[in-house]
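Asker: Can you read through this structure? Questions will come right after.
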Amino acid sequence: MTARELSGLTAFVTGSGRGLGRVMAERLAELGANVAIHDLDWTRPSQYGEFADLGESAKGLEKHGTRVTAVTGNIGDRDAIAEMKRKIEADLGDVHVLVNCAGGDIGAKGVKPNPNNALDIAYEDIRTLTENNLIGTMLVCQAFVPPMVKRGSGSVINIASAAAHIGCSPEVVYSTLKAAVVHYTRCLAKELIDDGVRVNAISPGATKTARFQASRVVDPARMDSSQKSLNRYAEAEEIAEAVAFLAGPRARFINGQVIRVDGGFTIFPG
């Protein structure tokens, strides 16, 4: 059932020119989906040495035999989103699977905020984080979900974080916004419960992307994914597999839920 279960569908993954989003896009293409990938600008995938540019990132997906297009722009800008939508629909048709992956703990200067605690983080970083993680997710949904409602089918997968479920410091603003994404997911799922559109969220734990490894001091003991212990960093493919599950027919009765893919880092009831 899983071989090409997304054949004939179009998926749009924001923040997918590189990193975790790119691996998600690859998995959806493997399952037969036509895929639109996205980054802030054309050269951004080169920031941590993953791809020369967005074109190279997109071309790498063509091996799966599905159609691929690439779009750029700030998800906090409604005009930019409208242009993304126009190009995706022109190249691939209507979007059936929307993955809101763009975001991250990236402040106004394009790197992690410093300071990054509750009382000292700069106002400009608060605004940038809010736009990238919460407002952008809402605006992208406003643009791409109404056609799903009109058609009577679709799947929306919002990417939150394990940090959304526990008290965190530093990364306080980022964690708070990801908690808001979780609740927005529940609210949107409730709103669309009669419309054939499923809305769910995934909360990844710390994952071994290029940006993750370049932006912090990592624990060498948690880098080995071959070990028996789940007290380690995730492989990006492990997160992407959960996205693929929620995107497809095996999850047809799952709605308004949050899957914490973190090896048990946030074990608690509820």
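Asker: Please compute the net charge surrounding I121, taking Lys and Arg as +1 and Asp and Glu as -1 over other residues with Cβ under 14 Å from its Cβ.
Answerer: Result for the local shell: -2.
Asker: Let me ask something else about it. Compute the Cα gyration tensor for the chain, then decide on rounded, prolate or oblate, letting a ≥ b ≥ c be the square roots of its eigenvalues: rounded whenever a/c is under 1.5, prolate when a/b is larger than b/c in the other cases, and oblate in all that remain.
Answerer: It is rounded, given that a/c, with a ≥ b ≥ c, falls under 1.5.
Asker: Going by how many other beta carbons lie within 10 Å of each one, how would you line up K150, K87, fewest first?
Answerer: Working: K150 12, K87 16.
Final ranking by Cβ density, sparse to dense: K150, K87.
Asker: So the label point goes 7 Å from the Cα of E191 along Cα→C-beta, right? Which residues of the stretch 147-167 then have their backbone N under 14 Å from it?
Answerer: Answer for the stretch 147-167: 147-150, 156.
Asker: Just want the ordering: Y48, Y184, Y174, Y233, from fewest to most Cβ atoms lying within 10 Å of their own Cβ.
Answerer: On the way: Y48 16, Y184 19, Y174 27, Y233 22.
Sorted ascending by nearby Cβ count, the order is Y48, Y184, Y233, Y174.
Asker: Give the calculated FRET efficiency between A3 and D120 to the nearest 0.05, with a Förster radius of 45 Å applied to their Cβ-Cβ distance.
Answerer: E(calc), rounded to 0.05, equals 0.30.
Asker: Let me check against my output: what whole-number percent is the relative contact order of the chain, with C-alpha pairs under 8 Å and at least 6 apart?
Answerer: 18 percent
Asker: Which order do peptides 53-61, 130-138 fall in by mean Cβ count within 10 Å, highest first?
Answerer: Details: 53-61: 18.7, 130-138: 21.2.
Result, highest mean first: 130-138, 53-61.
Asker: What distance in nm lies between label points placed 7 Å from Cα along the C-beta direction at S153 and D94?
Answerer: 1.0 nm
Asker: If Lys and Arg each add +1 and Asp and Glu each add -1, what is the summed charge of the other residues whose beta carbon sits under 14 Å from the beta carbon of R198?
Answerer: That sum, taken over residues with Cβ under 14 Å, equals +2.
Asker: State the Cα centre-to-centre distance between the stretch 30-81 and the stretch 132-161 in whole Å.
Answerer: 18 Å
Asker: Next up: With runs of 4+ DSSP H residues as the only contributors, calculate the mean residue ellipticity of the chain at 222 nm using -39,500 (n - 2.57) per run, divided by the residue total and rounded to the nearest 500.
Answerer: On the way: 8 runs with 94 residues, N = 270.
So the helix-based figure for the chain works out to -10500 deg cm²/dmol.
Asker: Subtract the Cα-Cα distance of D79 and A108 from 0.36 nm times their separation in residues, and report this length gain in nm to one decimal.
Answerer: 8.4 nm
Asker: How charged is the neighbourhood of R232? Take every other residue with its Cβ under 13 Å from the Cβ of R232, and add Lys/Arg as +1 and Asp/Glu as -1. Mind showing how you got there, number by number?
Answerer: Details: positive: K208, R222, K228; negative: D219, D224, E235, E238, D262.
After counting each charged neighbour, the total is -2.
Asker: Counting pairs on different chains as well as pairs 8 or more places apart, how many Lys pairs in the chain have Cα atoms under 18 Å apart?
Answerer: So the count works out to 6.
Asker: Ranked by Cβ crowding within 10 angstrom, fewest neighbours first, how are H96, H38 ordered?
Answerer: With the sparsest Cβ surroundings first, the list reads H96, H38.
Taken together, the values in this text are just the output of simple stated rules run on the coordinates, not laboratory data. Note that the structure is a prediction, hence the values are computed from the model and not measured. All Cβ positions, even for glycine, are placed from backbone atoms using ideal geometry, and neighbour counts span all protein chains on display.
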